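What follows is a short report on a single structure.
The values are calculated or read from the model by the stated rules, or taken from the named source; none is laboratory data. Bear in mind that the values here come from a model prediction, so they are computed numbers and not experimental data. Cβ: placed from backbone, ideal geometry, glycine included. Neighbour counts: every protein chain shown. These area figures cover heavy atoms from the full protein model, side chains too; ligands, DNA and RNA do not enter into them. Shrake-Rupley method; radii C 1.70, N 1.55, O 1.52, S 1.80 Å.
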Amino acid sequence: MIKGIAASSGIAIAKAYKLVMPDLTVTKTTIEDVEKEIACYEEAMTKTAKDLEMIKEAASKNLSAEEAAVFDAHALVLSDPEMKSQVEDKIKNEKINAAAALDEVANTFIAMFESMDDDYFRERAADIKDVSRRLLAALLGKQLPNPALIDEEVVIIADDLTPSDTAQLNKNLVRGFATNIGGRTSHSAIMARSLEIPAVVACKTITSEVNDNDMIILDGSEGLVIINPSDEEITTYEKKRDDYVAYREELKKLKDEKTVTTDGHHVELVANIGSPKDIEGVLENGGEGVGLYRTEFLYMESAELPTEEEQFNAYKAVLEGINGPVVVRTLDIGGDKEIAAIDLPKEMNPFLGVRAIRLCFQREDIFRTQLRALLRASVYGDLRIMFPMIATLQEFRQAKALLLEEKEKLTNEGVTVSPNIQVGIMIEIPAAAVLADQFAKEVDFFSIGTNDLIQYTFAADRMSSSISYLYQPFNPSILRLVKNVIDAAHKEGKWVGMCGEMAGEAMAAPLLLGLGLDEFSMSATSVLGQRKLIRSLSKVEMEKLASEALQKGTMEEVVELVKGATEL
Ligand code: PEP
Ligand code: MG
């Protein structure tokens, strides 16, 4: 049995599918038989072409035409005569093995495309990387994992899953996943919750302990993975899985109820989404709106940047599909989120570097396109625009000025833009939390992003499992920052939400209610549990609880206090 961090609730029982990249290190050797080496290269090309065709066919069943089109781009790269002839020349002239020749040629092409100004060519670099990896694997006789080819129920075992890996998982076949690294607020964990896939992260050595096709029980609520369980364990966990499903069904009765405390105080429970596909989950789970639409996933779906029209359609779909407020966050790329279409500079500390609004200021073209799409979509619902990673008032003013410029341009073009768009910021950098009183004069709302606020306050990387004890949402230091933000906003008559994972945690609900939070935004699957809980609490009592908590010294003391005062 392996213990990791419980990242997404539920039980999965299925065979293991290892999503692990084989070692593709190339050793350069001198060869005698040039013809034979060229024949090997041609064979690898044929195998890769077949693989790509097969993957494309399988992917077209699970992915949209647009998502599957990336495999066409790869086939095109593969058939490019220029690359082939350069590899063959190298083999002939330098008498080196095909793998080394390919590696050198591919790297030259990648470096050349990556250095170009044009987005189109930079995107091609990502395609070349992918295709040359496939060719190398074929030449080295290694098997690459192909998640698009999964055709039975599996539990994925991986070192880590990138957000774009996670976005491509077929929810009907992938019953769960377990990874070596990650934390509760890493984006793979967040995605797992929104897809309702049970997940356990930070299992440290799981990729070396599990073999393909091992039977796996994954308990995403307790953070446990059992490898090749006994029949008895399977029976026990099948019952647990059924009980969990029954509990979820029972909660569904609260779907259309309001979230009102025993003394009549109403709060709004809304959901975090990553794509228009998530609307269904929001509606099924009784979300009253969207408190965070992470638009970056739109940018991860293909190797190219989404056009204004594609973005407009996605935003419009969400605004039309949700009967309530929709808070759309502008692009937050960087940190653990990369996209093929933007070549981010390699930095020592990507979470502290060119991320989110900082990147948008460097790439105004990308930012303005998104703002235009949002403004055009605004007439289809109650749109609220939110800027991520704001550290200074100047940054907010600059972002808002760009928004107003695009608005004016659209109006001059005769396009109607809603006059009621609220414009707010995420509070996820301590500097902004501390200066909330000044920000509150200029913004329409705040949404507290505790995933980052906690990592930046404790100076503890949210991806690092070995210091995960520093993810302390109930530490009085965080509660004081939250209080400061809420009080500052309310003084100016503005509302405050929270869209970090803390908003969906049961233990946080009494405290946040007591501190006066107006809107709780969480994975859709957490909404009903929080609704049930908040409906059993008294606001006045929770205010007392919160003021006591603010005077405590440690997170443990706060947790004890909450447990003593509630049934948690
Ligand atoms: C946060 O930081 O709390 C947040 C909601 O944003 P993200 O998790 O996407 O960084
Ligand atoms: Mg954040």
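The condition of being surrounded by 22 or more Cβ atoms within 10 Å (Cβ to Cβ), outside the structural domain of F71 (by TED's automatic domain parsing) and acidic (D, E) holds for only one of D278, D343, that being D278.
Annotation note: Cβ proximity below 6 Å between a residue of segment 250-263 that is open to solvent by 80 Å² or more (accessible area, probe 1.4 Å) and a residue that is at pLDDT 95 or above (sequence gap 6+ or interchain) occurs for T262/S538. For A101, the conditions (1) in contact (Cβ under 8 Å) with a residue 60 or more places away in the chain; (2) of a type in the set (G, A, S); (3) open to solvent by 20 Å² or more (accessible area, probe 1.4 Å) all hold with the exception of (3).
Considering E406, E442, the condition of being among the charged types (D, E, K, R), open to solvent by less than 30 Å² (accessible area, probe 1.4 Å), touching a residue at least 12 places away in the same chain (Cβ under 8 Å) and away from ligand 1 (no atom under 16 Å from the Cβ) is satisfied by E406 alone. Beta carbons closer than 7 Å, at least 6 apart along the sequence or on distinct chains, pair a first residue in segment 376-399 that is touching a residue at least 60 places away in the same chain (Cβ under 8 Å) with a second that is among the aromatic types (F, W, Y) and open to solvent by less than 10 Å² (accessible area, probe 1.4 Å) for A377/Y315; R384/F445; A399/F387.
Kindly state which helices (runs of 4 or more DSSP H) lie completely within segment 17-132 and contain at least 3 residues that are farther than 30 Å from D151 by Cα.
On the way: elements: 34-62, 65-68, 70-78, 81-94, 98-114.
So the answer is 34-62, 81-94, 98-114.
Checked against (1) more than 16 Å from ligand 1 (Cβ to nearest atom); (2) open to solvent by less than 30 Å² (accessible area, probe 1.4 Å); (3) among the acidic types (D, E), D452 passes all but a single condition, namely (1). Filtered by the rule that a residue be among the aliphatic types (A, V, I, L, M), within 20 Å of L298 (Cβ to Cβ) and assigned to a loop (DSSP other than H, G, I, E, B), segment 337-360 gives I339, A340, A341, I342, L344, V354, A356.
Please pick out the residue among D332, D336 that is within 14 Å of ligand 1 (Cβ to nearest atom) and open to solvent by 20 Å² or more (accessible area, probe 1.4 Å). Quick ask: steps written out before the conclusion?
Details: D332 fails: open to solvent by 20 Å² or more (accessible area, probe 1.4 Å).
Answer to the selection: D336.
Remark: N313 falls outside the filter, which requires a residue to be within 16 Å of ligand 1 (Cβ to nearest atom) and outside the structural domain of L76 (by TED's automatic domain parsing).
Can you confirm whether segment 473-480 contains a residue that is away from ligand 2 (no atom under 15 Å from the Cβ), of a type in the set (A, V, I, L, M), buried (at least 21 other Cβ atoms within 10 Å of the Cβ) and closer than 10 Å to A440 by Cβ? No: segment 473-480 contains no residue that is away from ligand 2 (no atom under 15 Å from the Cβ), of a type in the set (A, V, I, L, M), buried (at least 21 other Cβ atoms within 10 Å of the Cβ) and closer than 10 Å to A440 by Cβ.
Counting residues in segment 227-236 that are in contact (Cβ under 8 Å) with a residue 12 or more places away in the chain, within 16 Å of ligand 1 (Cβ to nearest atom) and either under 19 Å from K3 (Cβ atoms) or in a helix (DSSP H, G or I) (or both) gives zero. Helices (runs of 4 or more DSSP H) wholly in segment 134-222 with at least 3 residues that are more than 18 Å from the chain's Cα centre (by Cα) - which ones? Of the helices (runs of 4 or more DSSP H) lying wholly inside segment 134-222, those with at least 3 residues that are more than 18 Å from the chain's Cα centre (by Cα) span 206-209. Kindly establish whether I333 is within 16 Å of ligand 2 (Cβ to nearest atom), aliphatic (A, V, I, L, M) and assigned by TED's automatic domain parsing to the domain that holds G497. So I333 passes the test.
Within the set Q311, Q362, the sole residue that is free of Cβ contacts under 8 Å to residues at least 60 places away in the same chain and either farther than 30 Å from Q530 by Cβ or over 17 Å from the mean Cα position of the chain (by Cα) (or both) turns out to be Q362. Might you let me know whether segment 146-153 holds any residue that is among the acidic types (D, E) and either over 28 Å from D214 (Cα atoms) or not assigned by TED's automatic domain parsing to the domain that holds K15 (or both)? Looking through segment 146-153, none of the residues is among the acidic types (D, E) and either over 28 Å from D214 (Cα atoms) or not assigned by TED's automatic domain parsing to the domain that holds K15 (or both). Please go through segment 333-359 and pick out each residue that is within 18 Å of the chain's Cα centre (by Cα), charged (D, E, K, R) and within 14 Å of L305 (Cα to Cα). Across segment 333-359, the qualifying residue is only E338. Within segment 173-196, does at least one residue satisfy the condition of being surrounded by fewer than 24 Cβ atoms within 10 Å (Cβ to Cβ), closer than 12 Å to I5 by Cα and hydrophobic (A, V, I, L, M, F, W, C)? There is at least one residue in segment 173-196 that is surrounded by fewer than 24 Cβ atoms within 10 Å (Cβ to Cβ), closer than 12 Å to I5 by Cα and hydrophobic (A, V, I, L, M, F, W, C). The set of residues in segment 419-430 that are open to solvent by less than 20 Å² (accessible area, probe 1.4 Å), away from ligand 2 (no atom under 13 Å from the Cβ) and in contact with a Leu (Cβ under 8 Å, 6 or more places away or on another chain) contains only V423. Within segment 482-492, one or more residues are in the same structural domain as E268 (by TED's automatic domain parsing), closer than 24 Å to Y293 by Cβ and within 16 Å of ligand 2 (Cβ to nearest atom).
Among the residues of segment 514-545, those identified as in a loop (DSSP other than H, G, I, E, B), closer than 23 Å to K494 by Cβ and touching a residue at least 60 places away in the same chain (Cβ under 8 Å) are L517, D518.
Is it true that K400 is over 21 Å from the mean Cα position of the chain (by Cα) and either more than 19 Å from M498 (Cβ to Cβ) or more than 16 Å from ligand 1 (Cβ to nearest atom) (or both)? Spelling it out, K400 is indeed over 21 Å from the mean Cα position of the chain (by Cα) and either more than 19 Å from M498 (Cβ to Cβ) or more than 16 Å from ligand 1 (Cβ to nearest atom) (or both).
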